[in-house]
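Below: one structure, written as structure tokens.
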Amino acid sequence: VGLVYMFNLIVGTGALTMPKAFATAGWLVSLILLMFLGFMSYMTTTFVVEAMAAANAQLRWKRMEKRKDDEDEDSSSGVSDSDVLLQDGYERAETRPILSVQRRGSANIFEITERVEMGQMASMFFNKVGVNLFYFCIIIYLYGDLAIYAAAVPVSLMQVTCSVTGNHSCSVGDGTKYNDTDKCWGPIRRIDAYRLYLAAFTLLLGPFTFFNVQKTKYLQIMTSLMRWIAFILMIILALIRISRGQAEGHPSMAQLSGIRNLFGVCVYSFMCQHSLPSLITPISKKKHVNKLVLLDYILILAFYSLLSFTAIYCFRNDTLMDMYTLNFTNCEIISVPFIRYFLGLFPVFTISTNFPIIAVTLRNNWKTLFHREGGTYPWVVDRIVFPAITLIPPVLVAFCTHDLESLVGITGAYAGNGIQYLIPAFLAYCSRKDTQLVFGSGTVNKHLSPFRHSFWIVFVLIWGFSCFVFVTANIVLSESKL
């Protein structure tokens, strides 16, 4: 069940922007990059699982130490001053025999039984600067997520309603290139319709940011079911069109100019590291968790390839939409109106249910970042300021642009790069160092990553930092050409 949830978490909004990114970068380059980034994402997933096990061991160690201290106090009141001063875990580790701990905790010291979120792991293993950088990275990523969601829903509504009520009835995917200034309903232009939908979206879903939202099981089941119906429908419809000889796509092998966006989209589409504690911890038998996660990644890789290849051979490059579902709102592709509207409005239903949850997560991260031990926020700051700084920036970004491919690309290439590569690599490195200090160099983490050699951590860090440089240089060069 955990792996099904993991599959559903990874295969999300990013997958809908992947066909356009594939077409822009060329099929061969796209396939190679997709496979490589899938491998990198799997590697850092094993790093996070390892860090979770190390964090569980540390928490257990602290509890056992506290229990032992309490027992010592009960049995003898003659405790020397030097013993009282040894509060730090590392110093205690030097004064207590490790064998006694291992006998009491047996082999389960590294068992993942307690959910330790990424922020908690960062505060356990990183210094103050590292913790602040972690929160900065996750906040930027969540802002990008919200901006993508805030733009995707109005774009889908605009495309569907303007096509139905305009002169081009149900012709979203017929190759007609629309400008934002084209008419939608009478005097109202397409960009005006988009902004009206954005305003309605903000007014309807924005208030949820000011309250607590709990993701219900039934909501998750419903959105997962809708997602699978939509993805399978799109693959089948594209395959039918190709088999009938109606395919129009002639994708190129490689176009280096499209790599920047493809990289961001692929990173965004493999993102699950920040949610691993919630997914892995409830799994009862974790012995083969790395192998099962690898199977998940292979299935996701096959699914992304199938979706993207059927798309780029079915549709011409210039007709592929940023949001792939919109290509199926054309009467020539599918004659059944219900399926056309279901696929056209699919992002509206699924994204609308996720928006409040991500907004609340971002708001709570802001609170944690500025929280001081024992302090509380004034009511206005807690209930008004934090929700406002969560909601306003992504809505403003969505108001200024609805270029989903670029939004997904930039979010994935910058914040996604940090969360998916840099943070897991640093967590693995710091947790290994801490484990050796606390438990001794002979202790082996039972959930140690298959990529246990320090070479892999260095490789991931070099790759992550070089990606930052590459993407930034690419943006600067393309802007200077314009």
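The values are calculated or read from the model by the stated rules, or taken from the named source; none is laboratory data. As the structure is a prediction and not an experimental result, all values here were calculated from the model. With ideal geometry, Cβ positions are generated from the backbone for all residues, glycine too; neighbour counts draw on all protein chains shown. Please note that ligands, DNA and RNA were not included when accessible areas were found on the heavy atoms of the full protein model with its side chains. Shrake-Rupley method; radii C 1.70, N 1.55, O 1.52, S 1.80 Å.
Only a single criterion out of (1) hydroxyl-bearing (Ser, Thr, Tyr); (2) over 25 Å from residue 339 (Cβ atoms); (3) at pLDDT below 85; (4) outside any loop (DSSP other than H, G, I, E, B) is not satisfied by residue 181, namely (4). The test for being touching a Lys or Arg at 6+ places or on another chain (Cβ under 7 Å) and open to solvent by 20 Å² or more (accessible area, probe 1.4 Å) does not hold for residue 426. Residue 424 meets all of the listed conditions (1) under 19 Å from residue 58 (Cα atoms); (2) in contact with a Ser or Thr (Cβ under 7 Å, 6 or more places away or on another chain); (3) at pLDDT below 90 but one, namely (3). Pairing each residue of segment 315-332 that is in a helix (DSSP H, G or I) with any residue that is open to solvent by less than 10 Å² (accessible area, probe 1.4 Å) and of a type in the set (Phe, Trp, Tyr), provided the two are 6+ apart or on different chains, yields C-beta distances under 8 Å for 325/346; 327/315. None of 254, 238, 230 is out of contact with any strand residue (DSSP E or B) (no Cβ under 8 Å at 6 or more places or on another chain), open to solvent by 10 Å² or more (accessible area, probe 1.4 Å) and among the hydrophobic types (A, V, I, L, M, F, W, C) except 254.
When only residues in segment 443-466 that are loosely packed, with under 15 Cβ neighbours inside 10 Å and touching a residue at least 40 places away in the same chain (Cβ under 8 Å) count, which is farthest from residue 54 (Cα to Cα)? It would help to see each step written out before you state the result.
Within segment 443-466, the subset loosely packed, with under 15 Cβ neighbours inside 10 Å is 444, 450, 453-455, 458, 462, 465-466.
After this cut, where a residue has to be touching a residue at least 40 places away in the same chain (Cβ under 8 Å) as well, the list is 450, 465.
Details: 450: 15, 465: 26 Å.
Taking the candidates together, the pick is 465.
Taking the residues in segment 349-366 that are within 14 Å of residue 385 (Cα to Cα) and open to solvent by 40 Å² or more (accessible area, probe 1.4 Å) as candidates, determine which candidate is modelled with the lowest pLDDT. Taking the candidates together, the pick is 364.
For residue 290, indicate whether it is polar (S, T, N, Q), open to solvent by less than 40 Å² (accessible area, probe 1.4 Å), out of contact with any strand residue (DSSP E or B) (no Cβ under 8 Å at 6 or more places or on another chain) and under 30 Å from residue 112 (Cα atoms). The answer is yes for residue 290.
Are any residues in segment 399-421 assigned to a helix (DSSP H, G or I) and more than 19 Å from the chain's Cα centre (by Cα), and if so, which ones?
Within segment 399-421, 399, 400 meet the criteria.
The helices (runs of 4 or more DSSP H) located wholly in segment 1-99 that include 2 or more residues which are modelled with pLDDT of 85 or more and open to solvent by less than 80 Å² (accessible area, probe 1.4 Å) occupy 13-25, 27-75.
The criterion of at least 2 residues that are under 27 Å from residue 3 (Cβ atoms) and among the charged types (D, E, K, R) is met by the following helices (runs of 4 or more DSSP H) wholly inside segment 204-280: 217-243.
Counting just the residues of segment 316-340 that are among the charged types (D, E, K, R) and out of contact with any Cys (no Cβ under 8 Å at 6 or more places or on another chain), which one comes out nearest to residue 151 (Cα to Cα)? Selected residue: 322. Take the conditions (1) in contact with a helix residue (DSSP H, G or I) (Cβ under 8 Å, 6 or more places away or on another chain); (2) over 19 Å from residue 142 (Cα atoms); (3) modelled with pLDDT of 85 or more; residue 381 misses just one of them, which is (1).
Being surrounded by 23 or more Cβ atoms within 10 Å (Cβ to Cβ) and at pLDDT below 90 is true for just one of 412, 440. Which residue is that?
None of the other options fit; the residue is 412.
Going through (1) under 23 Å from the mean Cα position of the chain (by Cα); (2) more than 21 Å from residue 416 (Cα to Cα); (3) without any contact (Cβ under 8 Å) to a residue 24 or more places away in the chain one by one, residue 290 falls short only on (3). Please work out which residue is modelled with the highest pLDDT, limiting yourself to segment 106-129 and to residues that are open to solvent by 20 Å² or more (accessible area, probe 1.4 Å) and small (Gly, Ala, Ser). This residue is 123. The residues on offer are 354, 365, 417, and the sole one that is out of contact with any Cys (no Cβ under 7 Å at 6 or more places or on another chain), within 24 Å of residue 44 (Cα to Cα), touching a residue at least 12 places away in the same chain (Cβ under 8 Å) and not aromatic (Phe, Trp, Tyr) is 365. The residue list 260, 316 contains one member that is within 19 Å of the chain's Cα centre (by Cα) and more than 30 Å from residue 114 (Cα to Cα), which is 260. Among the numbered conditions (1) of a type outside the set (Ser, Thr, Tyr); (2) in contact with a Gly (Cβ under 9 Å, 6 or more places away or on another chain); (3) buried (at least 22 other Cβ atoms within 10 Å of the Cβ), the only one that residue 298 does not meet is (3).
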